Amino acid sequence: MQEEAQLANQAFDTGLPWHNRFAGLGPAFYTRLQPVAVREPYWVARSQSMARELGLEEDWWRTQEALEAFSGNRPLAGSQPLASVYSGHQFGVWAGQLGDGRAVLLGEVTPPQGPSLELQFKGSGMTPYSRMGDGRAVLRSSIREFLCSEAMHALRIPTTRALCVTGSDQPVRRETIETAAVVTRAAPSFIRFGHFEHFSHTGQHEELKKLTGYVIDNFYPACRDAANPPAALLAEVTSRTASLMAAWQAIGFCHGVMNTDNMSILGLTIDYGPFQFMDGFDPNHISNHSDTSGRYAYKQQPQVAYWNLFALAQALLPLIGEPDDAMAALEPYKALFPAELDRRMAAKLGFAQASDGTRALTADILALMAGERTDYPIFWRRWAEHLAGASADTLRDLFVDRAAADRWLQRFQEHSAQGGPQPEAGLALENNPSVVLRNHLAEQAIALANQKDFSMVEQLLAVLENPFKDHPEHAAWAGFPPDWASSIQISCSS
């Protein structure tokens, strides 16, 4: 009691009302613990966009108390820190019990406007689920997650968010000695497929039922009135996951480690590790140096997502009852994913609706790009600019086989001349970003950050928050990657 009183006296008050619905599920779901302090923390980066969404004051971060609180060195008033337990399949193999090995869920805050959001520290020290790990995150990976979370949000792709990153000179061993960092993440919920797998595979079916009811009540209330609510939940998660995969594929995003414990029950992009936005288009591209079999290659992501949904269906089967009902809930994925991808690719071409013609044009240009490893983001941005009036030469210059490019441009003109909907330059510009978080940009920002210069992190964030606009002051960031970018290797330790 004395220790709790001391913590309360030290607590930093954000001014936001907290509540802790996940904690109400009971001790089978988590272990209560406090974050482990880091030595002499300092600010690395903050997202004022996320802060405004939470309802924080503009200068919320300017006190030493705030720095300590968001580094895990001082409690946040109203929070109830805990690490949750889950299990999962990793690289297709059942891994058994996992859990928040370096994350601590603080609880939920209720912004003045908008729904409640959970806040979570990543890198805040060991938990009972750390296994052989140290519970820490490093500055390198924390900057990557912070920037990509906010970049994906600006790209209108469902994702967890990031409020801030703090750093410390405290050493952390990975492949080399690095320094520690803590990311504050936000999401409506951090519940994963692996949470359901844990309680199903361990035979804790009452807890599985409780978790399912919690997710339905708080995030999928329409499923309550279904004839089979768990099956209805599975169908909704299937739909959201199909849409997410289409968004990833259309933007050229590779997650790198799509284990079932890295799949959000809300259809969010979660756990940014060895991710990459592709440079040269390669359907077989592997972003994770640890993925020696290519299980999580770019072209495999949609099928892996379906495999993971099947694992979720197996976990929910004790509640769904009939296997046929579970399979029926998964079946729409096979139509939903391609339909959503077709829609997104048509929008990249400038068409509001997909058609046989847009599908053929997309397939043809992707085949040409794959053959030459054409830069994916640059092609699509130049295409949008061409629709807006730029010369076709800017596109033709991207291809060695200019005749093939000319034939495709001719097919596009013929398609547009058939009397159907005409391409809209504005739509293409709104769906083809000028800048994405390429690996070499992150590496440059990290190199400066290692010298305590966080200016590029701040500038990159400002650009990535407005990805569909041109940024003449940072034109090089929209250009071709340097030769050394192809040698960057990102692994699970990232």
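The values are calculated or read from the model by the stated rules, or taken from the named source; none is laboratory data. Note that the structure is predicted; figures quoted are calculated from it, not measured. We place every Cβ from the backbone using ideal geometry, glycine too, and count neighbours over all the protein chains shown.
Numbers for the structure displayed
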read-out	value
Search result, residues across the range 331-379 that are in contact (Cβ under 8 Å) with a residue 60 or more places away in the chain, of a type in the set (A, V, I, L, M) and crowded, with 19+ Cβ neighbours inside 10 Å	L341, M345, A347, L349, M369, I378
Of residues in the range 201-228 being in contact (Cβ under 8 Å) with a residue 24 or more places away in the chain and over 29 Å from R161 (Cβ atoms), the one surrounded by the fewest Cβ atoms within 10 Å (Cβ to Cβ)	H205
Selection from the range 156-166 of residues that are surrounded by fewer than 20 Cβ atoms within 10 Å (Cβ to Cβ) and touching a helix residue (DSSP H, G or I) at 6+ places or on another chain (Cβ under 7 Å)	I157, P158
Qualifying positions in the range 411-460 - small (G, A, S), more than 21 Å from T176 (Cα to Cα) and touching a helix residue (DSSP H, G or I) at 6+ places or on another chain (Cβ under 8 Å)	G420, A425, A428, S434, S455
Test: residue in the range 136-148 that is under 17 Å from Q34 (Cα atoms), crowded, with 18+ Cβ neighbours inside 10 Å and of a type outside the set (F, W, Y)	yes
Those residues of the range 248-263 which are crowded, with 23+ Cβ neighbours inside 10 Å and at positive phi, in sequence order	G256
Only one of A445, A417, A478, A485 that is modelled with pLDDT of 95 or more and over 20 Å from the mean Cα position of the chain (by Cα)	A478
Members of the range 76-94 that are over 21 Å from F29 (Cβ atoms) and more than 22 Å from the chain's Cα centre (by Cα)	A77, V93
Failed item in (1) touching an Asp or Glu at 6+ places or on another chain (Cβ under 9 Å); (2) closer than 22 Å to I488 by Cα; (3) free of Cβ contacts under 8 Å to residues at least 40 places away in the same chain, with L441 passing the rest	(1)
Failed condition for T31, given (1) under 22 Å from P188 (Cβ atoms); (2) assigned to a strand (DSSP E or B); (3) more than 24 Å from the chain's Cα centre (by Cα)	(1)
Flag for G101 being under 24 Å from the mean Cα position of the chain (by Cα) and at pLDDT below 95	no
Some residue of the range 426-437 being of a type in the set (S, T, Y) and either in a loop (DSSP other than H, G, I, E, B) or surrounded by 17 or more Cβ atoms within 10 Å (Cβ to Cβ) (or both)	yes
Residue in the range 238-247 that is farthest from F190 (Cα to Cα), counting only those that are out of contact with any Leu (no Cβ under 7 Å at 6 or more places or on another chain) and surrounded by 23 or more Cβ atoms within 10 Å (Cβ to Cβ)	M245
Count of residues meeting criterion [touching a helix residue (DSSP H, G or I) at 6+ places or on another chain (Cβ under 7 Å) and surrounded by fewer than 24 Cβ atoms within 10 Å (Cβ to Cβ)] in the range 167-190	5
Leading residue by the ranking (nearest to S71 (Cα to Cα)) among those in the range 175-216 that are outside any helix (DSSP H, G or I) and over 23 Å from the mean Cα position of the chain (by Cα)	T179
In the range 37-73, the residues that are in contact (Cβ under 8 Å) with a residue 60 or more places away in the chain, buried (at least 20 other Cβ atoms within 10 Å of the Cβ) and not polar (S, T, N, Q)	V38, P41, V44, A45, R46, M50, L54, F70, G72
Unmet criterion (only one of (1) within 22 Å of A77 (Cα to Cα); (2) touching a strand residue (DSSP E or B) at 6+ places or on another chain (Cβ under 8 Å)) for P112	(2)
